[in-house]
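First, the structure itself, so that you have it in front of you.
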Amino acid sequence: MADMITAKNLCLWYGDTQALKSINIAVPEHSITALIGPSGCGKSTFLKTLNRMNDLIPGVKITGDVRYESKDIFQAEINNLRKEVGMVFQKPNPFPMSIYDNIAYGPRTHGVRNRAKLDEIVERSLRDAAIWDEVKDRLRKNALGLSGGQQQRLCIARALLKKPKILILDDSTSAVDTKTDASIRAALKTYLPETTKFIIAQRISSLQDSDLILVLDGGVINGMGTHEELLQTNAIYQEIYEEQTKKGGVTE
C-alpha cells in the first residue's frame, strides 16, 4: 500500500515558540491515524500543516519536508489541496441556512437539480452522521438553531458527502456521546473506505480501533502504535487510559 502522507524532519514555529520538533511519519493511504496527547502538544498544528491552514497565521515558520501522494505539499496549488484535504474543526461551522441546504448546497453547485435526488443525498448524509432521526422533521429550520453536538454532526455529514482523499477530524466528536461517536466512526469506515483519515481525540474510545495512534507531547512524537501496543509501551497513553477508565470513559 502506497503512502498518502510522509513527513521528514518537520518543524514549525509560531514566532519564537517551536510547536513541532522533527516530526517523522509515513501514513499509508486508506488508513485511519489518530493523535492523542496533552493540550497544546502539537496535534492540531501538525494536521493543519496537511491542508496548509497554518499559512493563514502570521509569523509561522516551517522547515522539513511534507509529501502528499509523493508531491511537495508546500508547492501544491492551495485551493486544489484544500478540496482534497477536508477538515472538520472542533468548533462546528454550519452554513447560516437550513439544515437541508447545508447538505444540498454542494450537490447543487455541481449541477444536481432533481429534487428527489437531492432528498436522497440529504437523508443519506444525515443518516451516516447519526443525526437524521433528530432533524428529519425540521430540515427547513436554520442549522444555527441546532445544539453544538448536532451542528458538529451536520458538519461531519457535509464532509462525508464530499468524499475527500484525506479527512481530518479535529476533536470533532467531543460534543457527542460515545454511542453516537461509534456510529460516526462506523460510517466513516463504511462510506469513505478509500479516504485516508486523521482523528484528533481526547477520548481513547474514539481512537482505539485506529490503524495507527500517534502520542504527541511537547511537539514531539512520543510514541506510535496500535491501542494494544501503546497500552504496553507508552507511559502517556497508559496514564490517559487509566484516568479515563476510572471515570468510565473507555469502552472496550
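Round to a whole number: what % of the accessible area of the chain belongs to carbon and sulfur, probe 1.4 Å? Intermediate results must be reported in sequence, preceding the final value.
Working: 6010 of 12230 Å².
Reported share for carbon and sulfur atoms: 49 percent.
Long-range amide H contacts for Ser98: which residues qualify at under 5 Å (H placed 1.01 Å from N, peptide plane, sequence gap of 5 or more or a different chain)?
It is Ala143, by chain and number.
For Val60, which sequence-distant residues (separation of 5 or more, or a different chain) have an amide H within less than 5 Å of its own amide H, given hydrogens modelled in the peptide plane?
Excluding prolines and chain starts, which carry no amide H, the hits are Gly15.
Could you give me the ³J(HN,Hα) list for region 87-100, computed from phi with Karplus coefficients 6.51, -1.76, 1.60 and θ = phi - 60°, whole Hz, x at Gly and Pro?
Values per residue, Gly and Pro as x: 9, 10, 7, 5, 8, x, 9, x, 5, x, 8, 5, 4, 4 Hz.
Right, next: Quick one: 3J(HN,Hα) in Hz for region 179-184, Karplus 6.51/-1.76/1.60 with θ = phi - 60°, rounded, Gly and Pro as x.
Per-residue couplings from phi come out as 5, 5, 4, 5, 5, 5 Hz.
For Lys141 and Phe89, calculate 0.36 nm times their separation in residues minus their Cα-Cα distance, and state this gained length in nm to one decimal. Show your work: numbers first, answer last.
Values: separation 52, 0.36 × 52 = 18.72 nm, distance 2.27 nm.
Between Lys141 and Phe89, full extension yields an extra 16.5 nm.
Dipole of the chain (Lys/Arg Cβ +1, Asp/Glu Cβ -1, origin at the Cα centre): which of Ser44, Met97, Met4 lies farthest to the positive side?
My answer, from the dipole projection, is Met97.
Still on this model: Among Thr233, Thr245, Ser205, whose Cα sits farthest toward the positive end of the charge dipole of region 140-252 (+1 at Cβ of Lys/Arg, -1 at Cβ of Asp/Glu, about the Cα centre)?
Working it through, the farthest residue towards the positive pole turns out to be Ser205.
Mind checking the full-extension length gain between Thr63 and Arg124? Use 0.36 nm per residue of separation minus the Cα-Cα distance, one decimal, nm. Walk me through the intermediate numbers first.
Working: separation 61, 0.36 × 61 = 21.96 nm, distance 4.20 nm.
The Thr63-Arg124 span can extend by a further 17.8 nm.
Here is a further query. So, with +1 on the Cβ of K and R and -1 on the Cβ of D and E, and no other charges, what is the size of the charge dipole of the chain about its Cα centre, to the nearest 20 debye?
Working: 33 positive and 31 negative charges, 229 e Å.
In total the dipole reaches around 1100 debye.
Which FRET efficiency value, to the nearest 0.05, do you get for Met1 and Asp133 by plugging their Cβ-Cβ distance into 1/(1 + (r/R0)^6) with R0 = 22 Å? It would help to have the intermediate numbers written out before the result.
Working: r = 36 Å, r/R0 = 1.66.
Step by step, r from the Cβ atoms, then E = 0.05.
Once amide H atoms are built 1.01 Å from N in the peptide plane, which residues 5 or more positions from Ala34, or in another chain, come under 5 Å H to H?
Excluding prolines and chain starts, which carry no amide H, the hits are Ile199, Leu212, Ile213, Leu214.
In addition: With θ taken as phi - 60° and the coefficients 6.51, -1.76 and 1.60, list the Karplus ³J(HN,Hα) couplings across region 139-152 in order, rounded to whole Hz; mark glycine and proline as x.
Per-residue couplings from phi come out as 5, 8, 7, 5, 5, 5, x, 6, 5, x, x, 5, 4, 5 Hz.
Grab the DSSP H runs of the chain that are 4 residues or longer, score each as -39,500 (n - 2.57), total them, divide by all residues and round the 222 nm result to the nearest 500 deg cm²/dmol. If you can, show how the numbers build up before the last one.
Numbers: 9 runs with 92 residues, N = 252.
Here the helix-only value at 222 nm equals -11000 deg cm²/dmol.
Given labels modelled 7 Å from the Cα in the Cβ direction, how far is it in nm from Tyr191 to Arg115?
Between Tyr191 and Arg115, the label points sit 2.3 nm apart.
So if each residue of separation counts as 0.36 nm, and I subtract the Cα-Cα distance between Glu77 and Ser39, what length gain in nm does that give?
10.5 nm
At a 10 angstrom cut-off on C-beta neighbours, averaged per residue, how do the peptides 30-39, 150-159, 189-198 rank from highest to lowest?
Ranked from most to least packed, the peptides come out as 150-159, 30-39, 189-198.
The values are calculated or read from the model by the stated rules, or taken from the named source; none is laboratory data. Just so it is clear, the model here is predicted, and its values are computed rather than measured. Here Cβ is always computed from backbone atoms with ideal geometry, including for glycine, and neighbour counts include all displayed protein chains. Side chains included, ligands, DNA and RNA excluded: accessible areas come from the protein's heavy atoms. Shrake-Rupley method; radii C 1.70, N 1.55, O 1.52, S 1.80 Å.
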